[in-house]
Amino acid sequence: MTLTFDLSSLQDTADFARALQPLLKRGDIICLYGDLGSGKTTFVQALGQVLGIEEDIDSPSFVMLKEYHSGRLPLYHLDLYRIKEPSELMDLGLFDIIESGVTAIEWPQIAEQLLPYQTLCLHFEFDGQKRELKVKGEPNYLVILKDNKQHKEI
Ligand SMILES: Nc1ncnc2c1ncn2[C@@H]1O[C@H](COP(=O)(O)OP(=O)(O)OP(=O)(O)O)[C@@H](O)[C@H]1O
Ligand SMILES: [Mg+2]
């Protein structure tokens, strides 16, 4: 099952994060797909806000992993754009932290084979005019998101 949401505005991204936040629990992994500038980091910032994280969330591009502990759950934010070998993921310590919080991964393709858990997949699409989010993953999440009237499903 795939759900598609209109993400025309920053408020739409914020509304989606607000709908998703209560469903999240420790150990959850959110894979964020989409081209450069499609809105992945913006979503993580919105998620951080509704988790109650006080620090500013910026792109982890160069450090690859940033963590935030001031919210309802720890948030781990990764950007694997520069990772070339799956073995480099071991050096990041990714598999030691996953169980203790929510992990959001930009450019997750290199990790796909190694992620041992069912993940929620968010596909951000931006064609220069229209922004859409396609959500794929755990049926339970999708049903609840679908029923949530806070945001516009299209
Ligand atoms: N829903 C939205 N509505 C309008 N603008 C948006 C939306 N989401 C993101 N943007 C804008 O698009 C730009 C790029 O967003 P962002 O940095 O989140 O992309 P990204 O997918 O993380 O890119 P990268 O792959 O380079 O990390 C930002 O200026 C951001 O404000
Ligand atoms: Mg980004």
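In the chain, helical runs assigned H by DSSP with n ≥ 4 each contribute -39500 (n - 2.57); averaged across all residues and rounded to the nearest 500, the mean residue ellipticity at 222 nm is -7500 deg cm²/dmol. With a cut-off of 14 Å between beta carbons, the residues surrounding residue 40 carry a summed charge of -3, where Lys and Arg count +1 and Asp and Glu -1. GNM on the chain, alpha-carbon springs under 10 angstrom: the most fluctuating residue among 39, 128, 48 is 128. Within the listed set 89, 114, 73, the Gaussian network model of the chain (springs between alpha-carbon atoms below 10 Å) gives the highest mean-square fluctuation for 114.
Each of 69, 123 has some number of other Cβ atoms within 10 Å of its Cβ, and from fewest to most they run 69, 123. For a modelled paramagnetic label at residue 69, 7 Å from Cα along Cα-to-Cβ, the residues of segment 13-27 in reach, with backbone nitrogen under 19 Å, are 26-27. When the Cα convex hull of segment 27-154 is projected onto planes of every orientation, the mean area is 8.2 nm². For the residues 143, 50, 102, a GNM of the chain with alpha-carbon springs under 10 Å puts the largest fluctuation on 143.
Each value in this text was obtained by applying a stated rule to the coordinates, not by laboratory testing. What you are looking at is a predicted structure, and each value in this text was computed from that prediction instead of being measured. Here Cβ is always computed from backbone atoms with ideal geometry, including for glycine, and neighbour counts include all displayed protein chains.
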